[in-house]
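Everything on this sheet refers to the single structure shown next.
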4 protein chains.
Amino acid sequence: MNDTDRRLRVVVWGENRHEQAEPHVAEIYPDGMHNAIRSAIEEHLGERASVSTALLDDPEHGLTEERLAETDVLTWWGHAAHGEVSDEVVERVHRHVLEGMGLVVLHSGHWSKIFQKLMGTTCTLRWRSENDRELVWTVDPTHPIAQGVPHPIEIPQQEMYGEQFDIPKPDEIIFISSFTGGEVFRSGITFRRGNGKIFYFSPGDQDFPVYHHKDVRRVIANGVAWVASDRPARALPTLLRYESGDFFNGGGYQGAMHNRGDAE
Amino acid sequence: MNDTDRRLRVVVWGENRHEQAEPHVAEIYPDGMHNAIRSAIEEHLGERASVSTALLDDPEHGLTEERLAETDVLTWWGHAAHGEVSDEVVERVHRHVLEGMGLVVLHSGHWSKIFQKLMGTTCTLRWRSENDRELVWTVDPTHPIAQGVPHPIEIPQQEMYGEQFDIPKPDEIIFISSFTGGEVFRSGITFRRGNGKIFYFSPGDQDFPVYHHKDVRRVIANGVAWVASDRPARALPTLLRYESGDFFNGGGYQGAMHNRGDAE
Amino acid sequence: MNDTDRRLRVVVWGENRHEQAEPHVAEIYPDGMHNAIRSAIEEHLGERASVSTALLDDPEHGLTEERLAETDVLTWWGHAAHGEVSDEVVERVHRHVLEGMGLVVLHSGHWSKIFQKLMGTTCTLRWRSENDRELVWTVDPTHPIAQGVPHPIEIPQQEMYGEQFDIPKPDEIIFISSFTGGEVFRSGITFRRGNGKIFYFSPGDQDFPVYHHKDVRRVIANGVAWVASDRPARALPTLLRYESGDFFNGGGYQGAMHNRGDAE
Amino acid sequence: MNDTDRRLRVVVWGENRHEQAEPHVAEIYPDGMHNAIRSAIEEHLGERASVSTALLDDPEHGLTEERLAETDVLTWWGHAAHGEVSDEVVERVHRHVLEGMGLVVLHSGHWSKIFQKLMGTTCTLRWRSENDRELVWTVDPTHPIAQGVPHPIEIPQQEMYGEQFDIPKPDEIIFISSFTGGEVFRSGITFRRGNGKIFYFSPGDQDFPVYHHKDVRRVIANGVAWVASDRPARALPTLLRYESGDFFNGGGYQGAMHNRGDAE
C-alpha cells in the first residue's frame, strides 16, 4: 500500500575495500560489490525504485543527515572495515531506522556496528571460507520476500555461516540454509525496531560470485521492497505524558523528579 | 532443572535516590525500594535464593566484575539517575547477560542504559502519573512466571504506562495491563539475548506502594527463578572458524583479509 | 507484489440471521452486516478488488468448490448459527486456506468451526455485551494493516471481549484493545497456516453500528489486502519423497510399511 | 516450580506395529520403541517421574478418560497406523492437552491425528529413508530442553525429514537439523495450546537405533520435564460472561440470541 506514484529511494552502502585490495575480488566484481547489488535491485524493481550508492570512503561515509532523510531503504555490506565506520554515523543510521527507514543487512554486515546496535547482541556465528555449497530453504512460504525463487536456492560456492548465530529471536525466519559441511544457518530473517523494518540475508560474499546469482539478486530486491515503510512519515518513538481522556496530545517529559501530575 | 543443591545468587540493584530525596517515597519504602524487592524474592524463593543489594552510590555501582561473575540473577530498578550509571558498568552488565546472567528489569528501568542497549530501541512509552488502577491480565497461562497470581492482578493505585512501547517484539508476552484511562501496556514480557534470559515487568513505582502488593511480589520472584540460567557455565558467544567435519574445535578469527582457509 | 493487472476476488461470507430475526439489528444494518462489510472493502480497495457476498442459507452456504477456487480472500462473520455450517464446507474452506486463500475472521467468527479448526484450540474468551467503550491500540506500528487509523481507534459502544483468549500464540499482534470495564483483548492478530494467511479482527458486532465506524472499515480493508497471497498458484502442502541430490522432483508416498527406499 | 514432592506421571504411547511386523525393527527394539522411550525418560528423570506405557491395541488405545486424568505428560509415537486411532480418543487427548496435560510428539507422530488437530495444518514434510547422517543444531541455547547435549548432536543414520514442514510458526525453535543430502528441518519445536504445552522432536525412527542414542534420549527426557504443567489444576478454557467490575465470577453463556445483558 505504498504510494505507487513515488519511487522508492534506495541507497546501497558498500565498504569497497576488498575490491580495491584483492585482485581476485576485483575480478569477480569489477564495478564493486555495491554496483552488483545496485543492479540487482534495479533489475527487479525497475521503475519502482531509484537506486544510488554510498561508500565508506565518501565524506561521512556518504550518509549525511540530509541524504538519510531522503532515503527509504538502506542496504549495508561491510566486512574488513567495520571499525572504521564512525560512531556518529552509526547513531544517525540507527535513529533513521527507528524513525522508519528500511534496512537490508547483507552477509558479513552481521558484524557491523549498526546491526549489533540494533540487535543488542554480539551477532557472532561459526564460519569457514571454503568451497561449501549453500542450499537456501524457504520455511515461510507465504512471505513476500520468498516469492519468485526455487525451494531450495542452490549456491554452488559460498562461505559457511553456521549456528549459533547470536541474535535475538527473529520476528520471522524466512530462509534456513545448509552447507556441504552439514552446518545450518538462519539465513533470511526479519526484525522490526522502532518504526523501521530490517531484513538480514546472509548469502553473498566477496570471494564468490554470489551477488551475480539470479535467485540471490531476486531475494535482495524482494527484501528492499518489503522493508520499505508503509507509514506516511518518519517519526522517532518519543516518551510523552498523556492526561486522562486525551489520547492524542502528549506533553513533554519534565524529568524524573517531576513525575506526578498532581504535584505540578 | 537447576541444581537443587546450590542457591540462586541474586543481586537487587537499586538507584535509591527517590527514597533519599522525597519524603513521600521514604514513607512508603522506609528501607528503600531495593529492600522491598529483596524481601519479595526472599519471601517466595526462601532457601532457594541468596539475595543481596547493590546501589548506584556504591563503588562501581556495586557491580564489579568479581561480583557479577558470582551473580546468577540481577534485578534492575532505576529512574531519576539513569544518566549517572557509568557506561563501563553498563558494558560489563551487558556482557554478563550475554554470557548467561539472568536479568529482571523493573518498571522505570525500561529507560535504563542497560535495557536500551539490550533492546536496540528507544524503549519509550506513553505515561501519566495519576491514581490510575492497573489491571494485569495473563495472556500466557502456561508460563511459569504467571503461576500463583489471580487473573487479573488488581493494583489500586499505579502510574500509567501505555503503548506504543518501543521495544522489539518480545519472545513471550505473559501479561498485558489496562489502566483506568483506557490505555494498555505489554507489562510482563521476556527476551533472550546471547545466552541470557530477560524478564521485564512494569508494575512497581516509587510513588505508590506497589512493591508491597502481594501479587506483584510473587511475579517478581517468579521472574527471578525463570531468568536463572540452566546452562552449566557462563560463556560469551564468540566468532570462530570450524574446519569441515570438525564441529567442536573452533579456531580464532584471523581478521577479514585472511578470510579464506585455502589462502593460509 | 501482487499483479496490479488482476483484481482481488473477495467473498464476504455472512450468517445473516440476526438481521432477519432481530429488528434492532436490522435497523442498524438494513442491508445486512455482510453488505456493510462489503462496502467497507469496496470503499478502500476500489478498483483493486471485486467483492461479492455469500450467505449461510445459500446452497452449500455459497461456498462451492468452484467459487472458492476463484476466491483470493474470504471474510467470515458468524455468530448464532455456527453449528449450522456443514462440516463438508468447513473442510473445503480449510483446504483452500492451506492452499493459499486469504481469510479474514471477524468478531464472533472466533467461535466458528473454521477458525477453531485452523487454530486447534477452543477459541473461547471472556465476554459481556453492555455499552463498553472499546479502545484499539496499535502495538505493531510498522504493519500494513495498522496504516491509516488513529492510535487508538475509539469505538463508543461495543461488546466486551476479554482475555484469556484461547488461541495459539499469534504470528503478529497488531492491535490490543481495552474496554470500559478494564478488560484487555488481543483484537487484531495474524496467523499463517499452510500457504495461507489469516487475519482475525474482533471489533464489530450485530448490536452496535461498529461496521459503520470509519476506522474499523479501514482496518478490514487493510486486512483483506494483506491476507491476499503473493504466491503464483494455489497448492496444498503434500508429503513427498525426494531422492538424494534431487531437490525438485518429489515422488508419492507409498505407505508406512514401504518406508525405506533401499527396500524397494 | 513443580511440587518436588509429587512424581511426574508420564504415559509413553506407542503404536507397536513395526516392531511386530518387521523383524529388522524388532531386532533394533526388542522391547518395542515404547520401552526404549520409557527407559530414556526413567534414565534421566529417575525418581522425579513415574513412567508407564500405553499401546494402540490396548482397549481404548490405553487412553481412557480416567487414565488421562491422572497423566501429567503423554508422549506419542505412531506411524503405520495413524488411521486406526479412534476419533473419540483423539478428541479426548485433545481436550486433555487444552486442559493442561503436556504432550511430546515424536518423529512420525507429526502425521498423527492428534498433532494435526492441534496444529490445524497438514503437518506434511519432505522425506527420504536412506542412511543420511542427521546433525541437530541448537538455535535456542537458553532453553531447558537444549541442556546437556552437544552442539551439534550427531546421529549417524537417520531418515531425512525436510522443509517445507507444514506447521504453524512454532512458539520456540530449539533445534534445526541438517541431513547428508543437504535438507534442513525444524526438528525441535514447542507450541502452547490452551493451557497445555507441546514439544515436537523429530529424531527417532523405527529403522534406525535412534532411540538408543544418548543425546536423543536426553532431549526426550528434557522435553517431558518441560511440557509438564506448572498450573495447580487441569481446566478447559471456557467462554463465560463477566459483569462489569466483577473479574472473577463468570456466568454461563446463554446462547447467541441472548447476547445482551440489558435484555435479560
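The values are calculated or read from the model by the stated rules, or taken from the named source; none is laboratory data. Remember, predicted model here, so these are calculated numbers, not experimental data. Using ideal geometry, Cβ is built from the backbone for each residue, glycine included, and neighbour counts are taken over all protein chains shown. In case anyone asks, the SASA skips ligands and DNA or RNA and just uses the protein heavy atoms, side chains included. Shrake-Rupley method; radii C 1.70, N 1.55, O 1.52, S 1.80 Å.
For this structure, a couple of remarks:
- Once both labels are positioned 7 Å from their Cα atoms along Cα-to-Cβ, the gap between D:Ala69 and B:Glu43 label points is 3.7 nm.
- Chain-alone versus full-assembly comparison, segment C:232-247, residues with accessible loss of at least 30 Å² (1.4 Å probe): C:Pro237, C:Leu239, C:Arg241, C:Tyr242, C:Ser244, C:Phe247
- Cα centroid separation - segment A:200-221 against segment A:29-49, whole Å: 11
- Interface burial in segment B:175-206, defined as at least 20 Å² less accessible area with all protein chains than with the chain alone at a 1.4 Å probe, covers B:Ile176, B:Ser178, B:Gly181, B:Gly182, B:Glu183, B:Val184, B:Arg186, B:Arg192, B:Arg193, B:Gly194, B:Asn195, B:Lys197.
- Among A:239-252, C:144-157, D:208-221, B:188-201, the order from most to least packed when residues are scored by Cβ within 10 Å on average: B:188-201, D:208-221, C:144-157, A:239-252
- Rounded to the nearest 100, the interface formed by chains B and D buries 2200 square angstrom of accessible surface, both chains summed, with a 1.4 Å probe.
- For a straight C-alpha distance cut-off of 16 angstrom, the lysines reachable from D:Lys113 (same-chain residues fewer than eight places away being disregarded) are C:Lys117.
- Degrees, to the nearest 10: A:33-45 long Cα axis against longest axis of chain A: 70
- Inter-chain neighbour count for B:146-156: the average number of beta-carbon atoms from partner chains within 10 Å of each residue's beta-carbon is 3.
- Put simply, the amide H of C:Thr53, placed in the peptide plane, has neighbours under 5 Å in C:Val12, leaving out anything fewer than 5 places away on its chain.
- Net charge of Cβ neighbours under 15 Å - reference B:Thr64; Lys, Arg +1; Asp, Glu -1: -4
- At 7 Å out from Cα toward Cβ: B:Pro232 inter-copy label distances (nm, ascending): 3.8, 5.1, 5.9
- Between the Cα long axis of helix B:87-99 and the first principal axis of chain B there is an angle of about 70°, rounded to the nearest 10.
- Residues whose amide H lies under 5 Å from that of B:Thr124, counting only those 5 or more places away or on a different chain, are B:Asp166; hydrogens are built 1.01 Å from N in the peptide plane.
- Exam field: A:Asp87 pseudo-label spacings to other copies (7 Å along Cα-Cβ), nanometres: 0.3, 6.7, 6.7
- Ascending distances from the A:Gly250 label point to its copies in the other chains, with the point 7 Å along the Cα-to-beta-carbon line: 3.4, 3.9, 4.7 nm.
- 5 angstrom amide H check on B:Tyr29, placed H, neighbours 5+ away: none
- Over all directions, the projected convex hull of the C-alpha atoms in the protein assembly as shown averages 40.1 nm² in area.
- Loop-located GluC sites (Glu not before Pro) in segment C:46-104 whose Cβ has at most 16 other Cβ within 10 Å (DSSP): C:Glu70
- Segment B:55-66 - phi-based ³J(HN,Hα) in whole Hz, Karplus 6.51/-1.76/1.60, Gly and Pro as x: 10, 3, 7, 5, x, 6, 6, x, 10, 6, 4, 4
- Point-to-point label distance, A:Gln20-B:Ala26, nm (Cα→Cβ direction, 7 Å offset): 6.2
- Its residue count N sets the reference 2.2 N^0.38 Å, and the alpha-carbon radius of gyration of segment D:73-137 equals 1.24 times that reference.
- Taking only protein heavy atoms and a 1.4 Å probe, the accessible area of chain C is 47% carbon and sulfur.
- HN-Hα J in Hz across segment D:205-210 - Karplus 6.51, -1.76, 1.60, θ = phi - 60°, x for Gly and Pro: 7, 6, 8, 10, x, 5
- With a 10 Å cut-off around each Cβ of A:123-136, the average count of Cβ atoms from other chains is 5.
- The phi torsions of segment B:140-155, fed into the Karplus equation with coefficients 6.51, -1.76 and 1.60 and a -60° offset, translate into couplings of 10, x, 8, 6, x, 5, 8, 7, x, 10, x, 10, x, 7, 9, 10 Hz, rounded to whole numbers, with Gly and Pro shown as x.
- Projecting label points 7 angstrom from Cα along Cα→Cβ for B:Asp58 and A:Ser86 puts them 4.0 nm apart.
- Rounded to 10°, Cα long-axis angle of helix D:214-227 versus longest principal axis of chain D: 0
- Probe 1.4 Å, protein heavy atoms only - accessible area per residue of the protein assembly as shown in square angstrom: 33
- Evaluated at q = 0.08, 0.15, 0.17 Å⁻¹: base-10 log I(q)/I(0), Debye formula over Cα of segment C:8-263: -0.33, -1.04, -1.33
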